[in-house]
Amino acid sequence: MPSILIAEDEQRIASFLEKGLGAAGFGVTTATDGPAALNAALTGFYDLLLLDLGLPALDGLDVLKRLRDQGSSMPVIILTARDSAADTVAGFEGGANDYVSKPFRFDELLARIRARLTDADSRTGPISVLLPALRHGDLELDLRTRRISVAGVAVDLSAREFALAEEFLRSPEQVLSREQLLSRVWGFDFDPGSNVVDVYVRYLRRKIGPERLATVRGMGYRLTTPPPLVT
């Protein structure tokens, strides 16, 4: 039975979520402030975190940042009354997998939870245990420290850059469409006309080398091995 950690200080909402998720077959624990939520999340016992941003003692974005800094890849769905574009971007930049604004429909939230858990299951099976690092050519992505090295040189990545690099390294030499990358990395229904994927591909190219991410016109992007230098 999947276990969900709810970080929510509003008793009415926390109670509603506890009852609904319990009836849907999930194990549920609630933390009512930031430090308690962070400590519980770092135990590794929970499969997903529902995170309110307006937590007392430690803001939800700080909880998320510290969680990711500790190397946790647990799926996080932000659940908050803050619905500005800046808050949304900050949440995804901090490593959130999804974002749901209050008030919300429970059936929609439940569908998003199940989608994130399914996605997490596909990433944390035996392969992830046996392969703490992903490699392709001279690129190596350490899944524990969440850092990438290029020809042996360590490079720092933002949370979103790391998630994008992970997708490419899990599917080297395969073309990944913008739609696939939006779904897997951002986990949010962005405007189809958004250029967020192209923007972050440019960021990633600056850090790992532009020749490693090839544009396949009209289709998407592919991680490839750059040709050897001619001397």
Built amide H within the under 5 Å cut-off of ALA133, gap 5+:
LEU143
Compute the accessible area per residue over the chain, keeping the other protein chains in place, probe 1.4 Å, unit Å².
50 Å²
DSSP beta bridge pairing in the chain, given as percent antiparallel to the nearest 5
50 percent
Per residue of the range 208-217, in order, report the coupling 6.51 cos²θ - 1.76 cosθ + 1.60 (Karplus, θ = phi - 60°) as ³J(HN,Hα) in whole Hz, putting x for Gly and Pro.
10, x, x, 6, 8, 10, 8, 8, 9, 4
Order these peptides, 99-110, 4-15, by their mean beta-carbon neighbour count within 10 angstrom, highest first.
4-15, 99-110
On the principal axes of its Cα set, how long, how wide and how thick is the chain? Give whole Å, largest value first.
68, 37, 31
Treating cross-link reach as a plain straight distance, find the lysines whose alpha-carbon is under 29 Å from the alpha-carbon of LYS19, omitting any fewer than eight places away in the same chain.
LYS65, LYS102
When the helices in the chain are scored as -39500 (n - 2.57) per DSSP H run of 4 or longer and the sum is shared across all residues, what 222 nm value do you end up with, to the nearest 500 deg cm²/dmol?
-12000 deg cm²/dmol
Give the long-range amide H neighbours of ILE78: residues separated by 5 or more places, or on another chain, with amide H under 5 Å away, using H modelled in the peptide plane at 1.01 Å from N.
LEU51, ASN97, ASP98, TYR99, VAL100
What are the residues whose amide H is under 5 Å from the amide H of ARG147, where those residues sit 5 or more places off or on another chain and H is modelled from the backbone?
ASP142
About its Cα centre, the chain carries a charge dipole, from +1 on Lys and Arg Cβ atoms and -1 on Asp and Glu Cβ atoms, whose size in debye to the nearest 20 is 620 debye
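The values are calculated or read from the model by the stated rules, or taken from the named source; none is laboratory data. Just so you know, these numbers come straight off a predicted model, no measurement behind them. Methodologically, a virtual Cβ is constructed for each residue, glycine included, from the backbone with ideal geometry; neighbour enumeration extends over all protein chains shown. Ligands, DNA and RNA are excluded from the accessible area calculation, which covers all protein heavy atoms including side chains. Shrake-Rupley method; radii C 1.70, N 1.55, O 1.52, S 1.80 Å.
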